[in-house]
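This report refers to the structure that appears directly beneath it.
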Amino acid sequence: MDKVIKVQGVTKTYNPDTIPVHALRGVNLEIEPGEFTALVGPSGSGKTTLLNAIGGLDTPTGGSITIRGQDIAKLSDSAMIEFRKQYIGFVFQAYNLIPVLTAKENVEFVMLLQGKSQEERATRVKELLKAVGLEDQIDRRPAQLSGGQQQRVAVARALASKPMFILADEPTANLDSKSTANLLDIMAKLNKEENITFLFSTHDQRVIDRARRIVTLEDGQIISDETIAS
Amino acid sequence: MIFKIAWRNIWRNKRRTAITAASIFFAVLFSVTMGAINRGMFDKMIDDSVNFYTGYAQVTQKGYWEERFLEKSFELSPALEATLKASPGVKDVVPRLESYALAAYKKITKSALVVGIDPEKEAALTGLSERMVAGNYLNKGEAAVLIGEGLSQKLKLGVGDTIVLISQGYRGVNAAGKYLVKGIISFGAPDMSAKMIYMPLKTAQWFYGATELVTTVVLDVRDKYATELAVNNLRTVLDTANTYDVLGWQEMMPEIMEMKSMKESSNTIVVLILYLIISFGIFGVILMMTKERQREFGVLLSIGMKRSQLGIITWVETMFLGLIGAIIGIAVSYALMYYIFLNPIPITGDMAKAYADFGIEAKICVSIDSDIFYSQGIIVILITTLLALYPCLQIWKMKPIEAMRA
Ligand SMILES: Nc1ncnc2c1ncn2[C@@H]1O[C@H](COP(=O)(O)OP(=O)(O)OP(=O)(O)O)[C@@H](O)[C@H]1O
Ligand SMILES: [Mg+2]
């Protein structure tokens, strides 16, 4: 099968003209469909930078990123937005959701942007919120949900567009251990049952323990890449 | 959904929305009130003058309005009368012969405008017969007069007394006569009340020695709007190059029209300054809103919302913000103005005296012309549209990751 993500020799230098910060120094990484991969490493090692580059939110200084055969550097700004909408789901560390929309509406919104029909949206929203265990909270606004519940809505939303893969930057950073376990259960289940590829960064050992592949970054370079036999 | 988001965002910070809406509300209310009173007062002056006296249009001997004296009177021949009546927009023609005279009763002498009228036609045109406060209305040809209430008080006379009028008549003849005061008339405008004397046309022609002559012919038109039709038509039909003048109401009161336009421009400046101040306030709110929501905007852009869609949301929000204040402002000020329109507020004290000196009734009158109201709506829409560009611009050049880090 094709690679979902192919990162080749990617470098990223912040502030090249003043005080250059070499956040990524030649990263090579390939992600296959259905992976459940953790990106780990000390603070400042370049995890966020790499995820942003893969998601097309930021442009690398050098190297190339190919997603299902498409070199994303070749996409225009608006084409990149379209591309993201179609293939990539995001879960950020915090404050992911639109505060004025309910859980249901937050999830539905992404599908609305994709121009999905009313019925399709209604069924999928229900399905997704059920999958993340929030079928009873669908009409609450983010402020009325706990941090863990919010992140689960964020996962549901990331899935709403039926992306090929989900990029999650420290999705559990603000969660207690119970919520963390809960969120990971859901992510693992979606990964297994719907074959959704996950790439997430984390500091949390409990999260690392659940990953099936662990890529370790240090100082902008991959220093280890191990696949855990299940 | 975009409208839903925008709508809910507005209520996210209720107090801020309320303050913004309130500032717009007061601006609209103030501007409308100022505009409505200004227009109302001038309209009242014009209407008083038109209804009580000049009518919407007049035909005179050429140059009469520049120099109003009897030498510029002319004969209203049956042929001329027929021509005037045949003009589109004209219902009837009302002849007058007028000049100034001294009015005396016992020891008191006052200057007065003595007008010869056709009692019936005048009643139809200006409703003169309905403004009687004492005595009876005039009959054709009798040697009697009606006098303004103000003048009657100055002369200290009443119905049944005999007034002496002295003037210079047509071609310099002496004009003098004694007339029975048959009735007293009230006028809204104090200056008219203090100077008007009416007598039948024939009597006036005798008094002034101007047999068969008139100084003005008032055209009884259907309404304000028929005036233009009648005036334009008669200007082509009559010999306006040498013999006659045809005047519309605007030309009969050039001072009022000029004052009106001057006052309107000065009001416009006040209103613009007011809105400028308000705009800065609203801009502050928008600035804060944009800053606070950097992160949210970043997330929305990352999950695939188009910049244009996000721009529309913020634009709609700003418009909502502006329109809430404007709509409530227009609604409330319309209700208020409509109430004052029906019940003009009487003025007392020094202000009343100032109004009297100005020759108008001491009442606050307002206009409820729709443009006074919707023009405020247009101003607010223009301002908010302009201000709404700011968040759109920000969104346009926003880099999602930087926004999210903020
Ligand atoms: N916008 C920026 N401008 C300048 N330097 C930056 C910027 N963003 C990140 N960096 C630097 O790049 C390096 C990598 O940062 P990055 O955020 O990718 O690390 P990280 O692995 O995600 O760290 P953490 O675990 O703390 O989130 C760091 O040295 C950081 O200081
Ligand atoms: Mg990070």
Top-ranked residue in the stretch B:288-329 [being open to solvent by 10 Å² or more (accessible area, probe 1.4 Å) and assigned to a loop (DSSP other than H, G, I, E, B); ranked as farthest from the other protein chains (Cβ to nearest Cβ)]: B:R293
All positions within the stretch B:105-115 that are assigned to a strand (DSSP E or B) and open to solvent by 20 Å² or more (accessible area, probe 1.4 Å): B:Y105, B:I108, B:T109, B:K110, B:S111
Neighbours by Cβ (under 6 Å, 6+ apart or cross-chain): first from the stretch A:164-176, within 13 Å of A:D204 (Cβ to Cβ) and among the acidic types (D, E); second within 16 Å of ligand 1 (Cβ to nearest atom) and open to solvent by 50 Å² or more (accessible area, probe 1.4 Å): A:D169/A:T48; A:D169/A:Q93; A:E170/A:Q93
Residue that is polar (S, T, N, Q) and under 28 Å from A:I54 (Cα atoms), where the choices are A:Q151, A:Q144: A:Q151
Residues being under 11 Å from B:Y105 (Cα atoms), in contact with a Phe, Trp or Tyr (Cβ under 9 Å, 6 or more places away or on another chain) and open to solvent by 10 Å² or more (accessible area, probe 1.4 Å) - total across the stretch B:153-185: 6
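For the stretch A:79-89, which residues satisfy the criterion of being facing another protein chain (nearest Cβ under 7 Å) and surrounded by fewer than 24 Cβ atoms within 10 Å (Cβ to Cβ)?
Once the filter is applied, which keeps residues that are facing another protein chain (nearest Cβ under 7 Å) and surrounded by fewer than 24 Cβ atoms within 10 Å (Cβ to Cβ), the stretch A:79-89 yields A:I81, A:K85.
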Meets criteria (in contact (Cβ under 8 Å) with a residue 60 or more places away in the chain, β-branched (V, I, T) and assigned by TED's automatic domain parsing to the domain that holds B:A21) for B:I273: no
Single match in B:Y275, B:Y339 (criterion: hydroxyl-bearing (S, T, Y), surrounded by 17 or more Cβ atoms within 10 Å (Cβ to Cβ), farther than 18 Å from B:W396 by Cα and more than 14 Å from chain A (Cβ to nearest Cβ)): B:Y275
The lone exception for A:D219 - which of (1) within 16 Å of ligand 2 (Cβ to nearest atom); (2) at pLDDT below 90; (3) on the phi > 0 side of the Ramachandran plot it fails: (2)
Residues of the stretch A:197-214 that turn out to be open to solvent by less than 10 Å² (accessible area, probe 1.4 Å) and either away from ligand 2 (no atom under 16 Å from the Cβ) or within 16 Å of A:A23 (Cβ to Cβ) (or both), as a count: 4
Tabulated pairs, the stretch A:40-52, first part of a loop (DSSP other than H, G, I, E, B), second within 9 Å of ligand 2 (Cβ to nearest atom), C-beta under 6 angstrom, 6+ apart or interchain: A:G41/A:K47
Complete set of residues in the stretch A:53-66 that are more than 9 Å from chain B (Cβ to nearest Cβ), within 13 Å of ligand 2 (Cβ to nearest atom) and assigned to a loop (DSSP other than H, G, I, E, B): none
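The values are calculated or read from the model by the stated rules, or taken from the named source; none is laboratory data. No experiment lies behind these values; they were computed from the predicted model shown. Ideal geometry is used to build each Cβ from the backbone, glycine not excepted, and the neighbour counts take in all protein chains shown. Quick note on the areas: whole protein, heavy atoms, side chains included, nothing else; ligands and nucleic acids left out. Shrake-Rupley method; radii C 1.70, N 1.55, O 1.52, S 1.80 Å.
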